[in-house]
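So the structure is just underneath, and the comments pick up after that.
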Amino acid sequence: NTASCAFVAFASILMTGFSSSLPVLQWEATAGPNAQHITALVVDDENPQTVYAGLSTGSVFKSSDKGQTWAMFSAIGEGKTIYRLVQHPEFKGRVYASSETGLFVSTNRGKDWIGVQMDKDGTRAVRALCIDPFKTNLVYAGVQGRGIYRSTNMGEEWTRCDLGIDAKRLANAAVNDITVEPSRP
């Protein structure tokens with residue numbers, strides 16, 4: 001299907017890398033999770049042969065051969081669209097899954113998942129997730145209708161960020177991506 005083809009092509013570019021000074025622009029079809037809507041992708045930092053794909057069904061598929069073959073690996077829950085899969089840069093077994101029903105964390109590379117309570121007001125969609133590459137204990141999340149949250153202990157506890165003059169606008173917005181500025185972390 002179209003989603004599988006798009007994922008496979010994207011994964012091929014990511015895994016093929018760059019040769020000399022020009023990017024490789026070759027697209028290659030692989031098996032991919034068939035007839036699935038792939039919504040998230042992460043390549044294992046320690047083993048680039050291993051790729052994880054998050055689906056709109058809440059399932060996580062795993063490939064151990066650069067996307068040539070895939071198998072159902074785990075699930076965060078039935079019907080919970082996964083928006084992002086993020087591997088912790090230091091503790092490689094720690095993987096985060098942001099979803100339409102909140103944030104989930106795994107301490108065993110996505111085999112098992114635990115839901116994270118971000119505030120007392122209940123669970124909301126978490127569309128964006130970012131780990132500060134300079135201070136890896138800092139994790140940021142974009143929470144639907146709540147703005148941006150920050151954790152100072154790798155996602156164990158969360159507080160809502162003070163957004164200053166843009167607080168109301170961002171609090172009601174759908175934050176779809178967060179990036180730490182490398183030159184001004």
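The values are calculated or read from the model by the stated rules, or taken from the named source; none is laboratory data. Because the structure is predicted, anything quoted here is derived from the model rather than measured. Please note: Cβ atoms are built from the backbone with ideal geometry, for glycine as well, and neighbour counts cover all protein chains shown. Please note that ligands, DNA and RNA were not included when accessible areas were found on the heavy atoms of the full protein model with its side chains. Shrake-Rupley method; radii C 1.70, N 1.55, O 1.52, S 1.80 Å.
Between GLU157 and LYS120, the simple spin-label model (points 7 angstrom out along Cα→Cβ) gives 1.4 nm. In a DSSP loop and with at most 12 other Cβ atoms within 10 Å, the trypsin sites (Lys or Arg not before Pro) in segment 93-132 are LYS120. Average accessible surface for segment 53-138: 45 Å² per residue, computed with a 1.4 Å probe over protein heavy atoms with every protein chain in place.
Defining a contact as two alpha carbons under 8 Å apart and six or more residues distant in sequence, what relative contact order in percent does segment 56-153 show?
Relative contact order for segment 56-153 comes out at 18 percent.
The fraction of accessible area contributed by carbon and sulfur in segment 67-178 is 50 percent, rounded to a whole number (1.4 Å probe; ligands and nucleic acids excluded).
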